[in-house]
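A short worksheet on the structure shown next.
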Amino acid sequence: MSLDVAVAVPFRQKGKRALGEGEIVVALSLDRDWFSPDQAKRLVDVALGRGLLESVDGELRPTFDPDDVVIPEDFSPDESILREQSTFEKALDSLVADGIQKQDAVAKANTVQQELGVTIETAAVIVARRRGVNVDELATTVVHELEEA
């Protein structure tokens, strides 16, 4: 999947297992010229939502070994990977619609994820439910995603 490859590249390029969001954005937009900075941020959101990245102590870490990913020499990701809205993003959208700032919603979801040891999607649904936001459909989706894992 090209999303895996696009996520792996900044970590391989920098030779690190954890990067700040800004480092990933620079690697994908300025160094590689694959995306605009806004698109690179979107890629980070999609990767977080799909569980390819996790946020730990303010840094992003891949949930897979980037060295195991084959990166074709002429690889260039398709922008369609940015259009897919993940369950996590849908939960975030519900929280934002309820009046919480997106950054605060992500921070709360990260905290719940770390405290409970659950996926980021599950954490976002828990945050939404705690605020009284109706995310029943997303909760069902999260359960199905967990069953498939």
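For the reader, a short list of remarks on this structure follows.
- Qualifying residue in region 47-69 (condition: exposed (fewer than 13 other Cβ atoms within 10 Å of the Cβ) and more than 23 Å from residue 117 (Cβ to Cβ)): yes
- Being under 15 Å from the mean Cα position of the chain (by Cα) and either of a type in the set (D, E, K, R) or not assigned by TED's automatic domain parsing to the domain that holds residue 122 (or both) is not true of residue 65.
Matching residues to (1) within 24 Å of residue 109 (Cβ to Cβ); (2) under 15 Å from the mean Cα position of the chain (by Cα):
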{"site": "8", "(1), (2)": "yes, yes"}
{"site": "17", "(1), (2)": "yes, no"}
{"site": "20", "(1), (2)": "yes, yes"}
{"site": "26", "(1), (2)": "no, no"}
{"site": "42", "(1), (2)": "yes, yes"}
{"site": "45", "(1), (2)": "yes, yes"}
{"site": "48", "(1), (2)": "yes, yes"}
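- A count restricted to region 68-94 and to residues that are closer than 23 Å to residue 13 by Cα and in a loop (DSSP other than H, G, I, E, B) stands at 10.
- Candidates 80, 36, 2, 29: the one that is over 25 Å from residue 102 (Cα atoms), among the hydroxyl-bearing types (Ser, Thr, Tyr) and out of contact with any Gly (no Cβ under 8 Å at 6 or more places or on another chain) is 2.
- Taken over region 1-36, the residue count meeting the criterion of being of a type in the set (A, V, I, L, M) and not in a helix (DSSP H, G or I) is 3.
- Selection status of residue 105, free of Cβ contacts under 8 Å to residues at least 40 places away in the same chain and either in a helix (DSSP H, G or I) or surrounded by 15 or more Cβ atoms within 10 Å (Cβ to Cβ) (or both): yes
- Filtered residue count, region 1-29, keeping only those that are among the acidic types (Asp, Glu), in contact with a helix residue (DSSP H, G or I) (Cβ under 7 Å, 6 or more places away or on another chain) and buried (at least 18 other Cβ atoms within 10 Å of the Cβ): 1
The values are calculated or read from the model by the stated rules, or taken from the named source; none is laboratory data. Keep in mind that what you see is a predicted model, and the values were worked out from it rather than measured. Every residue, glycine among them, receives a Cβ derived from its backbone with ideal geometry; neighbour counts consider all protein chains shown.
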